[in-house]
1. For region 17-131, which helices (runs of 4 or more DSSP H) that fit wholly inside it have 3 or more residues that are without any contact (Cβ under 8 Å) to a residue 12 or more places away in the chain, within 14 Å of the ligand (Cβ to nearest atom) and out of contact with any strand residue (DSSP E or B) (no Cβ under 8 Å at 6 or more places or on another chain)?
2. Out of curiosity, is residue 169 at pLDDT 95 or above and either touching a helix residue (DSSP H, G or I) at 6+ places or on another chain (Cβ under 9 Å) or surrounded by 19 or more Cβ atoms within 10 Å (Cβ to Cβ) (or both)?
3. Within region 1-16, count every residue that is more than 13 Å from residue 58 (Cα to Cα), touching a residue at least 24 places away in the same chain (Cβ under 8 Å) and part of a loop (DSSP other than H, G, I, E, B).
4. Does residue 152 fit the bill of being surrounded by fewer than 17 Cβ atoms within 10 Å (Cβ to Cβ), out of contact with any strand residue (DSSP E or B) (no Cβ under 8 Å at 6 or more places or on another chain) and modelled with pLDDT under 95?
5. If residue 3 satisfies every condition in (1) buried (at least 21 other Cβ atoms within 10 Å of the Cβ); (2) within 25 Å of residue 134 (Cβ to Cβ) but one, which is the exception?
6. Taking interchain pairs and intrachain pairs at least six residues apart, which have beta carbon atoms under 6 angstrom, with the first residue in region 137-148 and under 14 Å from residue 160 (Cα atoms) and the second in a helix (DSSP H, G or I)?
Ligand code: AMP
């Protein structure tokens, strides 16, 4: 994996553990020579990942929609910043620049991005690994809810299992390295989305 996209909160959250996990993930990416692709903000958990990457000499690519640049405070010192026209363009560009995706603690934006990238995998639009870094049990209930979706036969187990989970960056990256995508019912191309 050359570049990994990290989805995470534009807020710092209540616990210092969220920022610390962002920093630990960034340090692990730098040590492996993996670049970061993210939403381009300088605030919250997002800012913590980017700052640690840059402090360690890592590559950071931000992708921010023009309209959001006012609210989210674009990071001034990234290796590269793409200012795009819409939220959809942002997510499509983040996907195309990345070889895998990791969610750190975040709110609705993070969850939306994570679930969209998983649905793109389910449709066969990409075959890249998606992981949750479960900091202090933040995602525990989400993971159990997905198990409930499978038990209720609204989510197929092979698609549930696409979402890799670990409580530390090294373990998560090891799982992502070994990831084998499931066979999908139908494969879509970029033009279909
Ligand atoms: P949040 O987890 O809500 O703090 O948001 C994290 C990132 O997701 C930020 O860069 C937001 O701009 C982005 N975001 C917020 N809402 C959406 C949305 N509806 N679709 C895609 N991204 C979003």
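The values are calculated or read from the model by the stated rules, or taken from the named source; none is laboratory data. Small disclaimer: the values here were computed from a predicted structure and weren't measured. Heads up, the Cβs are rebuilt from the backbone with ideal geometry, glycines too, and the neighbour counts pull from every protein chain shown.
1. Result: 108-122.
2. When the stated conditions are applied, residue 169 passes them.
3. Qualifying residue count, region 1-16: 8.
4. Against the criterion (surrounded by fewer than 17 Cβ atoms within 10 Å (Cβ to Cβ), out of contact with any strand residue (DSSP E or B) (no Cβ under 8 Å at 6 or more places or on another chain) and modelled with pLDDT under 95), residue 152 does not qualify.
5. All conditions pass for residue 3, except number (1).
6. Cβ pairs passing all conditions: 146/160.
Residues checked against (1) within 23 Å of residue 137 (Cβ to Cβ); (2) over 16 Å from the mean Cα position of the chain (by Cα); (3) modelled with pLDDT under 95:
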| site | (1), (2), (3) |
| --- | --- |
| 4 | yes, no, no |
| 8 | yes, no, no |
| 28 | yes, no, no |
| 31 | no, yes, no |
| 41 | no, no, no |
| 44 | yes, no, no |
